[in-house]
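I have placed the structure first, in the form of structure tokens, so that the comments after it can refer back to it.
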Amino acid sequence: MMQAEEILNLIQSAMPGARVEIEDLRGDGNHYAVTVAFDGFDGVPLVDQHRMVFAALEGRVGGILRAMTLTTLVPQKKGGE
């Protein structure tokens with residue numbers, strides 16, 4: 001079992017400034033839906049974005065963390081930036 005706060009901390013440590021949303025899908029601490037919005041994903045292929053998140057979780061997915069649905073996003077820039 002893995003706490004949502006630990007997932008949040010690992011991702012934000014590896015990707016400073018990332019916005020992370022986590023939903024415990026079953027209330028059991030083993031099945032999460034995670035959305036990560038990170039400027040560093042800009043121009044990075046989707047598969048590599050996911051690899052970045054999995055790397056941040058240091059091999060816990062499939063072990064301590066049994067299942068995770070992952071969505072990655074590049075934040076939209078405001079005001080024509």
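The values are calculated or read from the model by the stated rules, or taken from the named source; none is laboratory data. Just so it is clear, the structure is predicted and the values come from calculations on it, not from any experiment. As a convention, Cβ positions derive from the backbone with ideal geometry for all residues, glycine included, and neighbour counts pool all protein chains shown.
Residue under question is Thr35, and the condition is that it be surrounded by fewer than 16 Cβ atoms within 10 Å (Cβ to Cβ), modelled with pLDDT of 90 or more and not basic (Lys, Arg); does it hold? Outline the logic, then answer.
On the way: surrounded by fewer than 16 Cβ atoms within 10 Å (Cβ to Cβ): yes; modelled with pLDDT of 90 or more: yes; not basic (Lys, Arg): yes.
Against the criterion (surrounded by fewer than 16 Cβ atoms within 10 Å (Cβ to Cβ), modelled with pLDDT of 90 or more and not basic (Lys, Arg)), Thr35 qualifies.
Of all the listed residues (Glu58, Glu21), the sole one being charged (D, E, K, R) and not in a loop (DSSP other than H, G, I, E, B) is Glu21.
Out of segment 9-18, which residues are assigned to a loop (DSSP other than H, G, I, E, B), of a type in the set (Gly, Ala, Ser) and buried (at least 16 other Cβ atoms within 10 Å of the Cβ)? Before you say what the answer is, go through the steps one by one.
Step one: of segment 9-18, the residues assigned to a loop (DSSP other than H, G, I, E, B) are 15-18.
Next, only the ones that are of a type in the set (Gly, Ala, Ser) stay: 17-18.
The one that is assigned to a loop (DSSP other than H, G, I, E, B), of a type in the set (Gly, Ala, Ser) and buried (at least 16 other Cβ atoms within 10 Å of the Cβ): Ala18.
Note on segment 48-64: among residues that are under 13 Å from the mean Cα position of the chain (by Cα) and of a type in the set (A, V, I, L, M, F, W, C), the one that is surrounded by the most Cβ atoms within 10 Å (Cβ to Cβ) is Val53.
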